[in-house]
Amino acid sequence: MNKNNLAEINKIEREIKEIDSIVDTYITAPRNLRLIQFKRRFKIRLRGYGVLEEKEYLMDDTLTSKVIGILREYKEDLIAKQKKLWEEE
């Protein structure tokens with residue numbers, strides 16, 4: 001293992017911990033979860049509540065693209081469902 005690999009492994013480990021923190025906090029105390037556009041990326045913000053602090057996670061380009069892809073697929077599913085309902089008369 002060289003120094004570059006170690007740096008990349010540590011970067012990935014920090015990101016995993018950040019994601020776990022958001023997910024674990026949301027599962028423990030469900031509250032408002034917002035998806036915010038930040039420049040050309042998305043940011044997930046978990047609102048603070050009482051003694052629980054606010055948490056944020058800035059998505060990288062790959063994850064942002066996947067979220068956009070999911071939204072596009074969902075839109076296509078809705079359009080297909082709507083078209084099917086129109087044809088059922």
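The values are calculated or read from the model by the stated rules, or taken from the named source; none is laboratory data. Being a predicted model, the structure only gives us computed values, none of them experimental. Every residue, glycine among them, receives a Cβ derived from its backbone with ideal geometry; neighbour counts consider all protein chains shown. In case anyone asks, the SASA skips ligands and DNA or RNA and just uses the protein heavy atoms, side chains included. Shrake-Rupley method; radii C 1.70, N 1.55, O 1.52, S 1.80 Å.
Using a 1.4 angstrom probe, figure out how much accessible area the chain has per residue, in square angstrom, rounded to the nearest whole. If you can, show how the numbers build up before the last one.
Details: 7950 Å² over 89 residues.
Value returned for the chain: 89 Å² of accessible area per residue.
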message: Please list, in order along the stretch 56-66, the HN-Hα scalar couplings obtained from phi with the Karplus expression 6.51 cos²θ - 1.76 cosθ + 1.60 (θ = phi - 60°), rounded to whole Hz, x for Gly and Pro.
response: 9, 9, 8, 6, 7, 4, 5, 5, 4, 4, 5
task: Would you mind computing, in nm to one decimal, how far apart the modelled labels at L78 and E54 are, each placed 7 Å from Cα along Cα→Cβ?
output: 2.7 nm
query: Of the heavy-atom accessible surface of the chain (probe 1.4 angstrom), what whole percent is carbon and sulfur?
result: 54 percent
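Which of the residue pairs K11/K43; K17/K43; K43/K81; K17/K39; K11/K55 have a Cα-Cα distance greater than 21 Å in the structure shown? Each step should come with its number before you reach the end.
On the way: K11/K43 18 Å; K17/K43 16 Å; K43/K81 30 Å; K17/K39 24 Å; K11/K55 19 Å.
Listed pairs above 21 Å: K43/K81; K17/K39.
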task: Could you give the spread of the C-alpha atoms of the chain along their three principal axes, from largest to smallest, in whole angstroms?
output: 64, 41, 24
message: Ranking request for peptides 64-73, 43-52, 3-12: highest mean number of other beta-carbon atoms within 10 Å first, then the rest in descending order.
response: 43-52, 64-73, 3-12
